[in-house]
Structures are given as C-alpha cells and as structure tokens.
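Chemist: Provided herewith is a single structure, encoded as structure tokens, for subsequent inquiry.
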Amino acid sequence: LAALFSVDSFAGGLAVQALLALWLFGRFDLSLAQAGLFFFWSYVMAVVIPPERTAASSFTAVPRSLAAAAGPAIAGAIFASGWQTAPFILCGVLKIAYDLALLWIFRHVRPPEER
C-alpha cells in the first residue's frame, strides 16, 4: 500500500505540484531548494483497527511525502529538456496504473462496517 501511495504521489507531483512549483518560481523567485522544502512539509484509517491507525498512517505517509517531493524536480527537468507534455502524460499513465493496482489488490478488503 505504501508503494502504491508513493506512485500516486509521485504522479501527482509531476503535474499538479509541478505547476505550483513553476508559479512559485515565477511569482516569488524561489530556488529549487526552497521549493523542495515547501513541498516536503482515507482508506487506510477505515481498514485498520484504531490502535494501529497511527502506525499505519506513518508507514504510508512518509514514503508518499518523499515520492511527492521528487515529482516537481523531475517535472522541471523534463520541462527544461523541451518535453512540456511529457510530465502530464506520465502523470496520467501512473495515476491509471495506481488506480488499477489499488482496485486489484484491495478488491476484497472491506471496512469493518461493510463486512
């Protein structure tokens, strides 16, 4: 689950956060390091028992945050190389793969209230 969340966050970082990073660079003249710090800082809670929620949240949120932080830097490098549409295409492909993987892996896992 943490790996899938990482793919989803990375893909989202390629598009949404990349556009926000471009705006921050243009509007506030942020450096790459400053933008990286800015970006660094549902389902899981429903399927784990309450005492395990804190650990499950940490276990899935940390890799997700790290993957999301890499997206804008990679998207910026892709933009700079002249491939302006590539981050959006890669984002779409990764988001679709993420959704299909979640559906496949967790298709039989139900929250306690649905059992």
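The values are calculated or read from the model by the stated rules, or taken from the named source; none is laboratory data. Quick caveat: nothing in here was measured; it's all calculated off a predicted structure. Note: ideal-geometry Cβ built from the backbone for every residue, glycine included; neighbour counts use all protein chains shown. Note: accessible area is taken over every heavy atom of the protein model, side chains too, but ligands, DNA and RNA are not part of it. Shrake-Rupley method; radii C 1.70, N 1.55, O 1.52, S 1.80 Å.
Chemist: What distance in nm separates the simple spin-label points at Ile96 and Ile74, each placed 7 Å from Cα in the Cβ direction?
Modeler: Each label point is offset 7 Å from its Cα along the Cβ direction, giving 1.8 nm.
Chemist: Follow-up question, since we're still on this one. What FRET efficiency, computed as 1/(1 + (r/R0)^6) with R0 = 30 Å and r the Cβ-Cβ distance, is obtained for Gln84 and Arg110, rounded to the nearest 0.05?
Modeler: It comes to 0.10.
Chemist: So I have [x] 1.68; [y] 1.11; [z] 1.23, and one of them is Cα Rg over 2.2 N^0.38 Å calculated from this model. Which one is it?
Modeler: [z]
Chemist: If you roll a 1.4 angstrom probe over the protein chains with everything in place, what fraction of the accessible area of the chain belongs to carbon and sulfur, to the nearest %?
Modeler: Accessible surface attributable to carbon and sulfur in the chain totals 71 percent.
Chemist: Using only DSSP helix segments of four residues or longer, with each worth -39500 (n - 2.57), what per-residue ellipticity at 222 nm results for the chain after dividing by its residue count and rounding to 500?
Modeler: Taken over the chain, the calculation gives -26000 deg cm²/dmol.
Chemist: Using the Karplus curve 6.51 cos²θ - 1.76 cosθ + 1.60 with θ = phi - 60°, work out ³J(HN,Hα) for each residue of the stretch 73-86 in order, rounded to whole Hz, and write x for Gly and Pro.
Modeler: For the stretch 73-86, the Karplus curve yields 5, 5, 4, x, 5, 5, 4, 5, 7, x, 9, 5, 8, 4 Hz.
Chemist: Largest first, how would Val93, Val7 line up by accessible area (1.4 Å probe)?
Modeler: Val93, Val7
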